[in-house]
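Below: one structure, written as structure tokens.
The values are calculated or read from the model by the stated rules, or taken from the named source; none is laboratory data. Note that the coordinates shown come from a computational prediction; the quantities given were computed from them, not determined experimentally. So basically every Cβ, Gly included, is an ideal-geometry build from the backbone, and we count neighbours across all protein chains shown.
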Amino acid sequence: MFGRLRNRLLLRWLAARIPGHRRHTLNMQSVFIMPTRFGVYFFVLCAALFILGTNYQNNLLLLLCYFFLSVSLVTIFTSYQNFARLQIQARGVNTVYAGDEASFQIQLSSHSHQPPAGQLTIRWWGHKTGIVVDLDDSTEEVHLPRATFRRGVFALPRVTFSSLYPLGLFRCWTHLDFAQPMMVFPRLEPVGDHHVNFQQSVGKGTTLTSGQEDFDSLRAYRQGDPIARIAWKSLAKGAAPAVKTFSEPANFNTRLQVNPVSQTLEKDISQTAYLVVELTRRQQPFALQIGPHTYAAATGRAHRDKCLRALSTIGTQV
Amino acid sequence: MKGTGLPVKGHRATLILSIAMLVLTVVLNQPLMGWVMLMMTCAAVIRFYLFRAGQTQKLSQRLVNLLAVLACIALAWFSGQQGLLEIMVNLLVTGCALKLLVLRRTKDFLQLTACAFFLTGCALIFEQALSTAIVLSIIVLLLLLGLQQLYAPQLAFKKHLSANVKLGLQALPIASLLFLIMPQLPPLWGMPAGKSTQTGLSESMTPGDIAALTQSTDRVFTATFSQALPPPQQRYWRAMVLESFNGNTWTVSEYRKQQQLLSQFTTRTLEAEPQGNWAEYQLIIEPNASKWLYALDVSRPADRASLTKVISNQDYSLSTVQPVMSKQLFDMQYNADAKKPLAANGIDTQLNLQLPVSGKNPRAKDWAQQLRHRYSDNNALVDAIMRYFADQNFSYTLTPGAMPEHPVDTFLFERQAGFCAHYASAMTYVLRETGIPARIVSGYQGGEAITQNALSVYQYDAHAWVEAAPDGKTWERFDPTAMVAMSRLQYGFQQSMADQHADMPLFSRARARDSALLGGLFAMIDTVNYQWSRWVLGFDNERQQDMLTDILGEKTTTKLALFGLAVMLFITGLLALYFIPKPAARYTDEIQRLYDSLSARLHKLTGVERANLSARQYLHLLAPHLDAQTFSLFEQFTQQYEKIRYVPSGQQRNHYARLRSQHRILMKQLKKGMGGFRPSPLTEE
Amino acid sequence: MIRSDFDALIGALGKHILGKPQQIKLALTCMLAQGHLLIEDLPGMGKTTLSHALARLFNLDYSRIQFTSDLLPSDMLGATIFNAQTQDFVFRPGPVFNQLILADEINRASPKTQSALLESMEEQQVSIDGTTYPLPTPFFVIGTQNPTFQSGTYPLPESQLDRFLMKISLGYPDWEAEKAMLSDAGIKDDTVSYSVEQLCDWQQRVKKVHASDAVINYILRLVTMSRTTPGFPHALSPRASKALLQAARAWAFIHNRDHVLPDDIQAVFVAVSEHRLRASYQDTDEDTSFSQRLLESVDPLAA
């Protein structure tokens, strides 16, 4: 409970301090720096050396102690300087189907003539583990995986970048908000073609017909395919049974319907999404109706994505 | 991050750490036991092998635990011979060696590095020579390099090295400054002293037991005189006075020891008006873990700083409050003409007529009786004894052979050959038998001029002489050894013993006399070491105060505060010098700089970033966020910018000037209209 | 050059291909930059119409070659035939000897035929039986291809894709455009027309459009980024950077400017470089285009 409140306050404070941007150049405002546990031990060590040096009246010990203190002082600046050389830009999230792992692409670059060095740990806000990137390894693009569970559009959480370079005495870190939406398409649930007829096209009685005129391509035979369409020629040559498919671009009569208040909404959405993908693969135009909204019949990837986007946001927005 | 595993093969950070550890072990050879060093060597070699070949077989945890138990048993077994400090160091090194064997995680690495840092500090307790300091600073840099390597494993080694050296060079001035101005505190509490570190003179002397005296060429101390060096005959450095005799062994008397302990707690005051001719000198004592100081007769602390550290004993010897564990500097003054009266309460007489009750040395006793009968005057008696040594064909040798039974008798009447201890012991014994208070003073005699006004005294200068009070009121110095080896007194031990050191090691200091080149080299090293001791190791509270007074004049609180502030500012300035980017290097193109500054300002005001848009696109993107006037100004600016950048005839002087003026106007406009901007709505998409 | 000239020209073309002003401009740019155009689209999207319109606009000789799997190079280039009357061999030029050629469904032909066409495109000449015949000027090829995942196709190899200056895709028209098309399909305005000489003159003048150092540096940064950044299946070749500059010049020219802006490069960049970057690489889940990514990560203004 307390942790949650703290988290929320922290996020609000961060939102004011480091507002969301697609691209971030690190500066005093966005970089935090604190000693690590090793850094604290290092100071204890310095104190021990000081006591030894004083008690043995040993100037060299004192000098060593002061040298260590100076090193840590210089290191604060070195680590900040190194870290602030980073320039981070969001490349976007690839769109996935719910349950798959999305990956957030981040481009790391430097605006300085001297590139940043050392290992960089990248993790999601609040996560314990993340990925480690070696900045000297010329990895410019980083993929940060994120598990997805539900369909919809989500704002990506903040990403924490941290670095211990050069000596591990201080940790430089920042929490960046890239203001990136993450699109998660519905889970795909395979369903046969024949289901379309009565499940998704209520009322109009349309069928998912394939074209009959232009020969398009061959595909593997599936049970229930009309015998007339079997490519006998190739079968005679000993090939696996195949079926001739015909395309009919002007056939605009396939219509998928989803009822947003259905009892089995999630299942419907998943099945419809599957059909959208399947029909697009076959280059067959289709229309999509979600409640009162209708998406005109079309085909192609853009249409597919538009439909999937519409499906994934059912119920999440007005 | 802390718990992550480390690769074994080809992990350079671990290799660097192992090398640093190995070198550190070698430097620490003094307190370390042989088997501990061997263990660390093994661990480092195994690490090296793993670096090359990778982990072929995992070292089992059980084996390492077994090793640890064995090591603990061995340490406990040997601990009796060692001081607490040594035991701690041995324990730490053993632990490090075992940890190095099983180093798997980042955490282990960091622990080891911290231990190594600490051990480096410990090494400085045992050794402070310039050469050691250099080696240890290289080790520190190596350890830092290892850490750097850990956090940036892929960075080219050359870059690591340069970053490392840069870090060191950047830290050094700050460290030096801190060293100079941070207050030098007195010891907070006493620290355990190692047994084996105690070197130099011993508090007991048994001349008869020593068959052959081994001569060490270690430096004992260096004295720097503010005036001319004392003549060689006066260079008697008193360390301790041996007053108690049991027939074989001379020791410091228990009474004196108690007095010494007591006076630690009494407040000591500086005599306000030194009478007579006092000459200042400065002692730099090499660490010897003992409390005895070496001083010319008669010496006393010259200033308050030394006074807090030095106890003046009743027998005219000086001792320190804390054992000298590291090189230390004492400011002293001496008066060669001062008289040394016996204590008024008769304790001196009582102590120095004490004789062993056993019937040892009967012939010497008889001889003393004869002398007593022959000479009624005490001075004549003493002269007679001295002459006896000169007349009777006594000789000086470092290898007199053992004289376990009746040592004085054997020496005086049979062997008639020995070194200072024999002479001093015999004479003191005889004098006591005749009823004249006498005692042995142990210390150093001589010294070698290393500069115009500095003397170095080495272990081989150790000497013992006699102090007697023929008149019963003041102590006088008699050196019977001088009667047989006058040259020792005048030219120092080295010259007088020229024929006896044929078996010295080739590159020893003693050898150096024979070769001009070696001699010159040693002289140079001596000078450097001397300056190192004097200015770095000997820098103490007193010198710090002097320095501050030199800078500030009279010290007032305000001045001190200002000085502190100045130092902090100086450090800040140094850091700024290191880290503020050089503006010249960043912007070569003025046009771009003008545009960038403007777009940065606009970004700040409107929240719309240019983000790799072209000038024109940015203008359009900004359009909804700017008021009409600003927009038209920015439009003009953008057009002018494009003209210079892209239009064939655009790169003329007047275009530049126009762009500059437009930039100025626009910046002013933006400053004026700060409030009038609509920030971008968060949902741009 | 008067701005309205091009506006009129684009307007005239726009009457043939409705609702695709951007693609028309790119096609025109390609023509002015003396490059060849590749259109990837499904059948029935207006590829033929576009090439027809272009040919008519400039009064170019036009021929259409329908590529099929059994089309032989000689069918396209021409062949030497024995003339029985004159008793000697006569070269009968094939359809490639025209000023504007529509190479339809280029990826249905065998690689052999494909390379014959692309060779002649590059060389602007045809060699048959040891004799070289120059191709007419201007010489402009519009190749079309079906989306590569269709069966029965031979995708063009990277090296040959590189020879097309641009690749565009027309796509479905929007609702309004299609409605307009259906309602008054017959009305086409052929009043605007230009001579071949005019086209050649423009082509020469495109070459003289000024490209400042800043612009050239921008192009260099773009191509360098494609070469040094991992994640691009193919880097941009020097030929690509040359094509980019040429196309940007033409784009600036039709926008009535005598100098190139970074905006011009950005406008043509996707058309010029996407097919070079992607080539035969098929990753259907990749949403952002490679060229868009390049554009986003390179600052056009840095000096």
Hey, could you check segment C:43-64 for residues that are part of a loop (DSSP other than H, G, I, E, B) and away from every other protein chain (no Cβ under 14 Å) and say which is nearest to C:Phe97 (Cα to Cα)? C:Asp61
Candidate set from segment A:277-294 (those that are farther than 13 Å from A:Arg187 by Cβ and under 27 Å from the mean Cα position of the chain (by Cα)); member that is farthest from the other protein chains (Cβ to nearest Cβ): A:Ile290
Matching residues in segment A:264-318 - criterion: being hydroxyl-bearing (Ser, Thr, Tyr) and touching a Phe, Trp or Tyr at 6+ places or on another chain (Cβ under 6 Å): A:Ser312
Members of segment C:82-135 found to be at negative phi, at pLDDT below 80 and among the small types (Gly, Ala, Ser), listed by number: C:Ala84
Assuming C:Gly171 fulfils every condition listed in (1) at positive phi; (2) in contact with a Phe, Trp or Tyr (Cβ under 8 Å, 6 or more places away or on another chain); (3) away from chain B (no Cβ under 14 Å) apart from one, which condition is it? (2)
Given the criterion within 30 Å of A:Ala302 (Cα to Cα) and within 11 Å of chain B (Cβ to nearest Cβ), identify the matching residue among A:Gln89, A:Gln105, A:Gln114, A:Gln119. A:Gln89
Could you figure out which of (1) under 50 Å from the mean Cα position of the chain (by Cα); (2) assigned to a helix (DSSP H, G or I) isn't true of B:Ser599? (1)
Looking only at strands (runs of 3 or more DSSP E) that lie completely in segment B:437-549, which have at least 1 residues being surrounded by fewer than 17 Cβ atoms within 10 Å (Cβ to Cβ) and modelled with pLDDT under 80? B:448-451
Would you confirm whether any residue within segment C:224-240 is small (Gly, Ala, Ser), within 22 Å of C:Met31 (Cβ to Cβ), in a helix (DSSP H, G or I) and in contact (Cβ under 8 Å) with a residue 24 or more places away in the chain? yes
Would you please name the residue that is nearest to the other protein chains (Cβ to nearest Cβ), looking only at residues in segment C:202-239 that are of a type in the set (Gly, Ala, Ser) and closer than 28 Å to A:Asp137 by Cβ? C:Gly231
So which strands (runs of 3 or more DSSP E) are wholly in segment C:82-173 and hold at least 1 residues that are touching a helix residue (DSSP H, G or I) at 6+ places or on another chain (Cβ under 6 Å)? C:100-104, C:125-128, C:140-145, C:166-168
I'd like to know if segment C:13-29 contains one or more residues that are part of a loop (DSSP other than H, G, I, E, B), farther than 14 Å from C:Ser169 by Cβ and within 10 Å of the chain's Cα centre (by Cα). no
Reported set for segment A:21-67 where residues are within 30 Å of B:Gln328 (Cα to Cα), more than 7 Å from chain B (Cβ to nearest Cβ) and in contact with a helix residue (DSSP H, G or I) (Cβ under 6 Å, 6 or more places away or on another chain) is A:Cys46, A:Phe50, A:Gly53, A:Cys65
Just give me the residues in segment C:254-273 being more than 18 Å from C:Thr224 (Cα to Cα), within 14 Å of another protein chain (Cβ to nearest Cβ) and part of a helix (DSSP H, G or I), in sequence order. C:Asp263, C:Asp264, C:Ala267
Consider C:Ala79 carefully, then state whether it is away from chain A (no Cβ under 14 Å), surrounded by fewer than 16 Cβ atoms within 10 Å (Cβ to Cβ) and more than 22 Å from C:Arg56 (Cα to Cα). no
Within segment B:294-317, track down each residue that is within 23 Å of the chain's Cα centre (by Cα), among the charged types (D, E, K, R) and part of a loop (DSSP other than H, G, I, E, B). B:Asp303
For segment B:392-417 the number of residues that are crowded, with 24+ Cβ neighbours inside 10 Å and at positive phi is 0
Looking at the structure I just gave you, is B:Ile46 in a helix (DSSP H, G or I) and closer than 18 Å to B:Thr106 by Cα? no
